[in-house]
1. So what is the relative contact order of the range 124-199, in percent, for Cα pairs below 8 Å that sit 6 or more residues apart?
2. Projected onto the charge dipole of the chain (+1 at Lys/Arg Cβ, -1 at Asp/Glu Cβ, origin at the Cα centre), which of Trp83, Ala72, Thr55 gives the Cα projection farthest towards the positive end?
3. Please find the FRET efficiency linking Lys162 to Ala39, where r is the Cβ-Cβ separation and R0 is fixed at 22 Å, and quote it to the nearest 0.05.
4. Provide the net charge surrounding Gly188, with neighbours chosen by a C-beta distance below 15 Å and charges set as Lys +1, Arg +1, Asp -1, Glu -1.
5. From the cross-link list Lys108/Lys136; Lys108/Lys162; Lys108/Lys186, which pairs have alpha carbons spaced over 30 Å apart?
6. When the distances between all Cα atoms of the range 79-187 are binned every 5 Å from zero, what whole-number percent does each bin get?
7. Pull out the extension gain between Ala11 and Glu120, defined as 0.36 nm times the separation in residues minus the alpha carbon to alpha carbon distance; nm, one decimal.
8. What is the packing order of peptides 148-156, 134-142, taking the mean over residues of other C-beta atoms within 10 Å and listing the highest first?
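What follows is calculated from the coordinates using simple rules that are stated; it is not laboratory data. Every value quoted in this text rests on a predicted model; they were computed, and no experiment measured them. Here the Cβ is made from the backbone with ideal geometry for all residues, glycine too, and neighbour counts use every protein chain on show.
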Amino acid sequence: MEHYFQGDPSAPSEERVVRVQARGITVELVTDRGVFSKAGLDEGTRRLIESVDLTGAASALDLGCGYGPVTAILARAYAGVEWWMIDVNRRAVELARRNTMDLVPPPKVIEHDGIPPQLEVQFDHVLMNPPIRAGKTTVFRLYEEARRALKPGGKLWVVIQKKHGAPSTEAKLRELFERVDIAHRKAGYYVFCAVRQPR
């Protein structure tokens, strides 16, 4: 079965417009076959969007951005944040660019299977709904890359279901980060907030 953590989806393109609502904000986004949650906002991403607090942030990275719902909503909820978006899926990256091109400033969108080592920007926040089907090795690598990409005091926000490995994710985050809080826990969903404390 095809999963979304790959460069080129094999499914033929069939674009559609979906209406996405969270945090009292409604946006219409273009989706397509071969991208994650093409029919609308999945429950995990909704809980992530509803749980994060980006107050005072200057920059944020939407890691594994899909077609862009996290940035499309949170950029409207938190004006003035400079957004970056990364996804491995070429079709998702193109949709994300189109779905956020009206934001000011427009996000910087990168096609990559993680955070490029040559990217020297450091972020106040990194947000992730991790690609579970890509496997634990990939997911844990993304957590490690996220930590490196955070400013001191920066936060990684991760949404994951208990049945998809929330306990092992929590353990890995506690290994990598000085502080890990549970920002949300309900109906099997967890949103972790891992803080890179200034040394």
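1. Values: 124 pairs, mean separation 25.8, N = 76.
This gives 34 percent for the range 124-199.
2. Of the options given, the answer is Thr55.
3. Details: r = 24 Å, r/R0 = 1.07.
Efficiency for this residue pair is about 0.40.
4. Its environment carries a net charge of +3.
5. Working: Lys108/Lys136 27 Å; Lys108/Lys162 32 Å; Lys108/Lys186 33 Å.
Long pairs (Cα-Cα over 30 Å): Lys108/Lys162; Lys108/Lys186.
6. Over the range 79-187, the share of Cα pairs per 5 Å bin runs 2, 10, 21, 22, 21, 14, 8, 1 percent.
7. Details: separation 109, 0.36 × 109 = 39.24 nm, distance 3.43 nm.
Taking Ala11 through Glu120 to full extension adds about 35.8 nm, to one decimal.
8. Details: 148-156: 18.3, 134-142: 16.3.
Descending mean neighbour count gives 148-156, 134-142.
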